[in-house]
Amino acid sequence: MWTRHQQEPSCSAIVVFLSIMPWYLMADLVRTQSSVVSMTHRASKKPINVVLLVPKNNKYMFSYAHVYPAMDIAIKKLGLQERLLPDHYFKVRYNDTKCHEAMGMNLAIQYYFHKQVDVFFGPVCDYVIAPVLRQLTFWNLPMITPGANAWGFVKDRKSMFPMLTRVGPVSHYSLVNFFVDQVVRYNWQKVKVVS
């Protein structure tokens with residue numbers, strides 16, 4: 001079974017390998033385009049490097065487990081539309097920010113330094129978004145996030161955060177503006193708020 005020159009793998013090494021293998025396969029699926037494309041066909045295409053920076057902890061509304069299925073569906077649908085991006089495919093990488101500003105900034109720097117990012121999806125936590133977004137302005141890289149709901153991101157979006165695209169839940173400021181616009185539009189004189 002094992003020759004003299006080969007060392008028998010330890011039980012713990014086998015357990016680690018078997019526990020990591022499903023995650024590795026899933027990560028590989030996340031890192032590559034989900035549509036069915038032959039390897040020779042893909043070799044002639046250029047990747048669009050998407051970095052998904054979200055927390056792994058499910059206590060956050062936009063954790064990896066909540067975001068990844070939607071990302072996977074979107075990538076599959078985009079991959080099937082050959083006319084939209086005929087010379088490109090999506091390569092998605094994920095990392096856990098732990099909703100910690102230093103972790104998020106370090107990850108963003110690593111991806112930028114290794115030239116592995118064209119667009120950031122996330123971070124989603126405001127304290128992580130702020131330093132990463134400030135740096136993205138200098139790198140000329142876009143950020144798409146459902147976060148950035150703090151007033152500073154709304155007020156200074158065009159001047160300080162031109163690379164930011166906010167998606168998902170609207171901010172409180174947007175809801176107030178919508179409500180005021182409706183009152184003015186319909187010339188309401190009395191309003192009751194029921195909570």
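Coordinate-derived values only; no laboratory data. Keep in mind the model is a prediction, meaning the values are calculated, not measured. Heads up, the Cβs are rebuilt from the backbone with ideal geometry, glycines too, and the neighbour counts pull from every protein chain shown.
Among the lysines, which fall within straight-line cross-link reach of residue 91, defined as a Cα-Cα distance under 24 Å, with same-chain neighbours fewer than 8 residues apart omitted? Answer for residue 91, where 24 Å is the Cα cut-off: 45, 46, 56, 76, 77, 115, listed by chain and number.
Could you compute the FRET efficiency for residue 195 and residue 45, with r as their C-beta to C-beta distance and R0 at 45 Å, rounded to 0.05?
Numbers: r = 52 Å, r/R0 = 1.16.
FRET efficiency, residue 195 to residue 45: 0.30.
Report the gain in length on full extension from residue 113 to residue 158: 0.36 nm times residue separation, minus Cα-Cα distance, nm rounded to one decimal. Intermediate results must be reported in sequence, preceding the final value.
Values: separation 45, 0.36 × 45 = 16.20 nm, distance 2.61 nm.
The span from residue 113 to residue 158 would gain 13.6 nm if fully extended.
What is the sum of charges around residue 133, taking Lys and Arg as +1, Asp and Glu as -1, for the other residues whose C-beta is under 12 Å from the C-beta of residue 133? Once all neighbours under 12 Å are counted, the net charge is 0.
How would you order 149-157, 76-84, 126-134 from highest to lowest mean count of nearby Cβ atoms within 10 Å?
Packing proxy ranking, top to bottom: 126-134, 149-157, 76-84.
Using the Cβ-Cβ distance between residue 58 and residue 167 with R0 set to 22 Å, the FRET efficiency from 1/(1 + (r/R0)^6) comes to roughly 0.60.
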